[in-house]
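What follows is one structure encoded as C-alpha cells, with my remarks underneath.
The values are calculated or read from the model by the stated rules, or taken from the named source; none is laboratory data. Computed from a predicted structure; not experimentally measured. These area figures cover heavy atoms from the full protein model, side chains too; ligands, DNA and RNA do not enter into them. Shrake-Rupley method; radii C 1.70, N 1.55, O 1.52, S 1.80 Å.
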Amino acid sequence: MKKEQNTTEQKQEQPKPSTRAENSEQIQIPLAELIKNRYEKVRKLQAKGINPYPYRYERDYHIRDVLDNFDEFEAQQTRMKLAGRVMLKRKMGKVFFADIHDSTGRIQVYVKINNVGEEQFELFNDIDLGDIIGCEGTVFVTRMGERTLNVTHFELLTKALHPLPDKHAGLQDVETRYRRRYADLIVNPDVRATFVMRTKIIQAVREFLNDQDFLEVETPILQPIYGGGNAEPFKTHHSRLDMPMYLRIADELYLKRLIIGGYEKVWEFCKDFRNEGMDRLHNPEFSMVELYWAYADYRDMAALTEELWRYVVSQVHDSYKVPYGEHEIDFEPRFRWVSMVDSIKEITNLDFLSMSYDEAKAAAKNLGVDTDELINWGKCVEAVWEAKVEPTLIQPTFITDFPKEISPLAKQHRSNDRLTERFELFIAGMEMGNAFSELNDPVDQLQRFLQQGKALEAGDTEAQPLDDDFITALSYGMPPTAGLGFGVDRMVMLLTNQHSIRDVLFFPQMKEMKEGSIPVSSILAQLISNNGDI
RNA sequence: GGGGGUGUAGCUCAGUGGUAGAGCACCUGCCUUUUAAGCAGGGUGUCGAUGGUUCGAUCCCAUCCACCCUCACCA
C-alpha cells in the first residue's frame, strides 16, 4: 500500500493560469489573418448596431421537414424560417447560393439582391463558411433541379471566427478529430450518426433491463475503498475529511450490497476508471453495465444476455446480421455455449480436463505456447485457449466453465471442482461480457481478500484491498446470485462497425499537447489588445 | 513498455542539403437559378520541439513530444 502511494500519488498541481494568451509574441500565421478578417466583420456589424451574437431565432421548421413536404410547401408558397450553419457559399454576380445545415439535414438557400435588398445583400457578402444564420422565405426548385429556399430576409445568428476544414476532404487527421470533436462533428455526418447510434444502443439496453424488472440504481463513483475487479485505481483526496478517495474500478461490491438488502434485480450504467494503459480497446474512463440477479445462476444469466443482445440489435439495425470489418455477425441463431476445455478439444483434439498440471504444461509446450509463467493447471488451459481458440471466435459464443485458478470471483462449478460457473461472451474476437454464479460465502470471500492483500503488499498495484464492510454485508447473507458485466463502449463499437474505442467516445482521453498550434485565444487576445490589428 | 509508421499553409496533401509547392479555404475584381459554379489576379508558412553535422538543414544524425498501427496487460 505504501509502495503504491509513492508511485501513484498525484501532485496537487494548481491549474496553470492561462498566460499564453497574454504573453504571446507577434503572431504572423495565416490562421491569424483568417481570424482577423472575420473579427473585422464582427466589428463592422457592431458599428452598425447589429449584434453578431443575438439571443434567439423563431425558427419554424427543421430542414428535414421542409424536404419531406417540399411539394406542398412549394405549391402553397409557405413562408418559413430555417436556421443552420453555412457550409458552402457561391457568389454569382448579384446572387448568392449557400448551403445551410441543421441537425436534420442540408438545404440550399438563394439570396438575390432584388429579393433581399441592397443592404441585406451586402450583409450576406460578409457571411463566412461556418457562420450560423436564420433565413426566411419560400421554397422553389432551381433549373438544375435543386430544392432551394428563396430568401427574403436573413439574420446572422452566430459569427464563426475559426475557418472550417476543407469542404470536400473534411477533417481527416484523427488527432485533430479527437481533440476538436466539435469540428469533426460539424463536417463529418457519419461521426454524428455513430454517436446517435451510441445513444440508441444505451437506450435499448435500458429499455430491455427495465422491461425485465431490473431496477436501475446509482452507487458511488467516489469511494473510500475500491474493489470488484483487479485494476489500479485513480486516487484522489477529500480536503475537508483529509482522507484518500478512489474513483471506482467496478460496481460489483456495491450492487451486491443491494442484493443483500433485498432487491432481487439491480443494474447500473456505470462510468468506471482504471489507471492503466490506453489502446484501441481501452480508455481510462469507460462505460460498463453491471447487473445482479438473485436466485439465478450463470446459465440463467447467459439466456438473459442473449436476449439482451438480440433486443438491442433489433432496436438499432434492420437485420440480425451486423457487419463488423470483414465479418458479418449473425445474432439470430442461438449463441454457441461451449466450455473452455471442450473448445480446446475441438481444435487440438486434446482433453485438458483429464490432464494433470504436468501433463497440461507439457501439452501446452507441444502446441508452441510459452509455458514459463504457467504456474498451475488453470493457467495452462487459459494460455492454450487464448492461443488456439480465442482468435477463432467471431460469431457470438459463450465460453464457459473457466478453471478455478483464473476465476477468483466465481463460485466453484457444482459438478467439477477444478472449474467455476463462469462465462465470457465473445463476439468478433472481443470479450463482450463476463458473468458468474457469484461467490456468496463470506469466509471464502475473506480468504480471497486476504490473498489479494498479500499481492498488494508485494507490489501488485492491481490487487484489491480488503473491504471489511463488504465482508460484513456478506455475513448477513446474500442469496444465490448471478452477475454480469459488459463494456458498453465495445458493444457500441461492434454495432457501429468502429474499430477504436476513441471513435465511440465523444471526448477520448488524450495526452496534453505541449507544442504545436498557436491557440485561438492567443490570436484573439492580440486582436483585442491591438484594437483589431495584428 | 517493445517494434513499425506519421508530423509541411485553416483543411487535404506533394516536395527538396541552397530557408517550400498544389487543390480547397482566404483576399481583390467580373458574373442575377449556381452547384466540387466559372474567369482574372494575390501565398498568407517558427516544414512537431530541441540539439548536432554542414559554408548552409524542412530534408542527414541524436534526443524529446504528439498521433496511428502492432505485440505484451487490462473491459
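Structure summary
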| quantity | calculated |
| --- | --- |
| Residues of type lysines that residue A:365 reaches as a straight line, Cα spacing below 19 Å, ignoring anything fewer than 8 places off in the same chain | A:345, A:379, A:388 |
| Accessible area in square angstrom per residue, segment A:407-534, 1.4 angstrom probe | 45 Å² |
| Percent of Cα pairs exceeding the 21 Å cut-off, where the set is segment A:217-322 | 50 percent |
| Surface per residue (accessible, 1.4 Å probe) for segment A:238-303, Å² | 44 Å² |
| Nearest 10 degrees, 0 to 90: helix A:113-125 Cα axis against chain A principal axis | 60 degrees |
| Percent RCO, i.e. relative contact order, over segment A:295-364, from Cα pairs under 8 Å lying at least 6 residues apart | 16 percent |
| Kirkwood Rh and Cα Rg combined as Rg over Rh, evaluated for chain A | 1.07 |
| Per-residue ³J(HN,Hα) for segment A:74-88, Karplus 6.51 cos²θ - 1.76 cosθ + 1.60, θ = phi - 60°, Hz, x for Gly and Pro | 6, 4, 8, 6, 5, 6, 8, 10, 10, 9, x, 8, 6, 10, 8 |
| Distant alpha-carbon pairs in segment A:462-503 (separation over 17 angstrom), percent | 62 percent |
| Between helix A:377-388 and chain A: long-axis angle, C-alpha atoms, 0 to 90°, nearest 10 | 40 degrees |
| Enclosed volume per residue, in Å³, of the convex hull spanned by Cα atoms of segment A:123-223 | 232 Å³ |
| Helix A:442-457 axis, angle to chain A major axis (alpha carbon atoms, nearest 10°) | 70 degrees |
| Pairwise centroid distance, computed over Cα atoms, of segment A:478-526 with segment A:89-138, Å | 36 Å |
| Reach of residue A:159 by Cα under 21 Å, taken over lysines that are not fewer than 8 positions away in the same chain | A:36, A:41, A:44, A:48, A:81, A:89, A:91, A:167 |
| Listed residues A:369, A:384 arranged by accessible area, highest first, probe 1.4 Å | A:369, A:384 |
| Rounded to 5, percent antiparallel among DSSP beta bridges of chain A | 90 percent |
| Proportion of all alpha-carbon pairs of segment A:286-439 beyond 24 Å (%) | 38 percent |
| Residue pairs, from the table A:265/A:411; A:454/A:511; A:361/A:411, whose Cα atoms sit over 23 Å apart | A:454/A:511; A:361/A:411 |
| Portion, in percent, of the accessible area of chain A that falls on carbon or sulfur, probe 1.4 Å | 49 percent |
| Part-to-part distance (alpha-carbon centres) for segment A:227-279 and segment A:28-78, which is given in Å | 46 Å |
| Cα-derived Rg over Rh, computed across segment A:405-534 with Rh taken as Kirkwood radius | 1.25 |
| Shape metrics for segment A:336-395, restricted to C-alpha atoms - Rg then Dmax, Å | 10.8, 33 |
| Per principal axis, descending, Cα span of segment A:159-275 in whole Å | 58, 42, 30 |
